[in-house]
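The values are calculated or read from the model by the stated rules, or taken from the named source; none is laboratory data. Worth saying up front: this structure is predicted, and the values here are computed from it rather than measured. Virtual Cβ from ideal backbone geometry, glycine too; neighbours counted across all protein chains shown. Accessible surface areas use protein heavy atoms only, side chains included; no ligands, DNA or RNA. Shrake-Rupley method; radii C 1.70, N 1.55, O 1.52, S 1.80 Å.
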Amino acid sequence: MPGQQPTGVVSRKALTNAGANSRPSPRTPDSPRVRTFAVENEDEDEGDSNRHNNTHQSLISTSSTTAKSAVTANDVSLSASGDCSDRSGGESWHFKRPVILFLRTRIAVLGLLLVSAVVGLITAQSYFHGQPDIPGCAMSYSRPRFVEQTKFDNSWTRFSTKYKLYLYREGGYDAHDEPFRIPILFVPGNAGSHKQVRSIASASATAFMELSANSPGVFDQGQIGYDYFTVGLNEELTALHGYSILEQADFINDAIRYILSLYPETRAKYRLPSQGAKFALPTSVVVVGHSMGGVVARTAFTLPNHIVGSIQAIFTLSTPHNNPTASLEYYVDKVYSSINSFWRHGFHNGTLDDVSLVSIAGGSLDSMINSDYAYIGDLAPPKNSLSILSSGVDDVWLSLDHQSIL
């Protein structure tokens, strides 16, 4: 009828307003999900509305579906942004999360402080009450004097202009420069100096002076200390040059012969206080070799100028007995092969029966010489040899680097 709006007919103006307002406002409990659209159509007659009824009904259905989708998307966006309330009472969850993180951080910090305090107490307990060593380390001092043996000239050795022989004297202890004690010869290693003997010689002199002060009768027992001789080998690179090993070994034999010649005169000046007897003359020299110096000492046995019985004890420190550390020259390998062959057969044919060989290796801290190279078990029988790490020596129990082993 005229003046009445047909059912199910929507005007173009209403559809335009529905598209513009397709995003609904936030939903409240009292508001419907879909906005109700006003239906107006004052410009069309009833005939036209009957003709376009189906078309407009389809548009209404489409508009309603769009509005519902917009409402649903708006609900999802509100939930993702944290504006919705939880089920327990309306307090938003994003207000609880910082509190939980704060508490967790504080608990972790307190736990770390507690563990640190416990570790600190255990460390302090071990340091003050669990030390295995008796505290009381003392600083060591040396006052070295090196007396060159000028009489050891070319009448004794053909290397007098190349190498030198010195007698070590400790300042404050040794009042004279005459050797009369037990002779010891120190042989430095690759690029080594004769001055490297000072630590061993100084400690030995100090120990003997303390012993004689506490036990005045040590002289009556034949304990007279040691005379340390040392050789200056021009700091040659014996580890890289085979001929240098042979030349130094030749010089060592000449030096031992000269050292033994000094004692008949000097020993005659000293007698045992209680018995009035002379000290027995030394017939051999103890040799201490560091690094390649130990190889040079063993090489001396293989040369023609070696005096049988002049060396009866060799102590080597970080010496590569089995193999050269750097095989850069053919003759180094050849010298090693010849030396080791001589020593392996020397204990079987009786040549080395009276010789003792001791090898001390530094262990893991010695980055220059592998401790396996210092093993001498395949060069000498157990009754004549000893291979040991510095950590196995009494009151040492530590690994030593290549220089500290001196």
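Run down Thr230, Thr238, Thr266 and say which single residue is touching a Leu at 6+ places or on another chain (Cβ under 8 Å) and not acidic (Asp, Glu).
It is Thr230.
Give me the pairs: first residue in the range 363-388 and over 14 Å from Pro324 (Cα atoms) and without any contact (Cβ under 8 Å) to a residue 40 or more places away in the chain, second residue assigned to a loop (DSSP other than H, G, I, E, B) and open to solvent by 80 Å² or more (accessible area, probe 1.4 Å), beta-carbon distance under 6 Å, and six or more apart or on different chains, which are they?
Ser387/Tyr375
Would you pick out the residues in the range 338-353 that are open to solvent by 20 Å² or more (accessible area, probe 1.4 Å) and either closer than 20 Å to Gly189 by Cβ or in contact (Cβ under 8 Å) with a residue 60 or more places away in the chain (or both)? Talk me through it step by step, then tell me what you get.
Within the range 338-353, the first condition is being open to solvent by 20 Å² or more (accessible area, probe 1.4 Å), and the residues that meet it are 338, 341-342, 344-345, 347-351, 353.
The one that is open to solvent by 20 Å² or more (accessible area, probe 1.4 Å) and either closer than 20 Å to Gly189 by Cβ or in contact (Cβ under 8 Å) with a residue 60 or more places away in the chain (or both): Ser338.
Among the residues of the range 226-241 satisfying the criterion of being in contact with a Phe, Trp or Tyr (Cβ under 7 Å, 6 or more places away or on another chain) and surrounded by fewer than 19 Cβ atoms within 10 Å (Cβ to Cβ), which is nearest to Arg298 (Cα to Cα)?
The selected residue is Gly232.
Among the residues of the range 376-398, which ones are over 30 Å from Thr351 (Cβ atoms) and either charged (D, E, K, R) or in contact with a Pro (Cβ under 7 Å, 6 or more places away or on another chain) (or both)?
Asp394, Asp395
With at pLDDT 90 or above, part of a loop (DSSP other than H, G, I, E, B) and more than 44 Å from the chain's Cα centre (by Cα) as the only criterion, which of Ser155, Ser160 stands out? Show your work before the answer.
Details: Ser160 fails: more than 44 Å from the chain's Cα centre (by Cα).
Being at pLDDT 90 or above, part of a loop (DSSP other than H, G, I, E, B) and more than 44 Å from the chain's Cα centre (by Cα) holds for just one of Ser155, Ser160, which is Ser155.
This table checks each residue for (1) outside any helix (DSSP H, G or I); (2) at pLDDT below 95.
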position	(1), (2)
Leu246	no, no
Phe251	no, no
Ala255	no, no
Lys269	yes, yes
Gly294	no, no
Ala300	no, no
Thr319	yes, no
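Can you tell me which residues in the range 185-207 are closer than 19 Å to Thr266 by Cβ and either open to solvent by 60 Å² or more (accessible area, probe 1.4 Å) or in contact with a helix residue (DSSP H, G or I) (Cβ under 8 Å, 6 or more places away or on another chain) (or both)?
Of all residues in the range 185-207, those closer than 19 Å to Thr266 by Cβ come to 185, 201, 204-205.
Answer for the range 185-207, where residues must be closer than 19 Å to Thr266 by Cβ and either open to solvent by 60 Å² or more (accessible area, probe 1.4 Å) or in contact with a helix residue (DSSP H, G or I) (Cβ under 8 Å, 6 or more places away or on another chain) (or both): just Leu185.
Please enumerate the residues belonging to the range 354-383 that are hydroxyl-bearing (Ser, Thr, Tyr), open to solvent by less than 40 Å² (accessible area, probe 1.4 Å) and in a helix (DSSP H, G or I). Give the derivation first.
Of the residues in the range 354-383, the ones hydroxyl-bearing (Ser, Thr, Tyr) are 356, 359, 364, 367, 371, 373, 375.
Pick out the ones that are also open to solvent by less than 40 Å² (accessible area, probe 1.4 Å) and you get 359, 371.
Of everything in the range 354-383, just one residue is hydroxyl-bearing (Ser, Thr, Tyr), open to solvent by less than 40 Å² (accessible area, probe 1.4 Å) and in a helix (DSSP H, G or I), namely Ser371.
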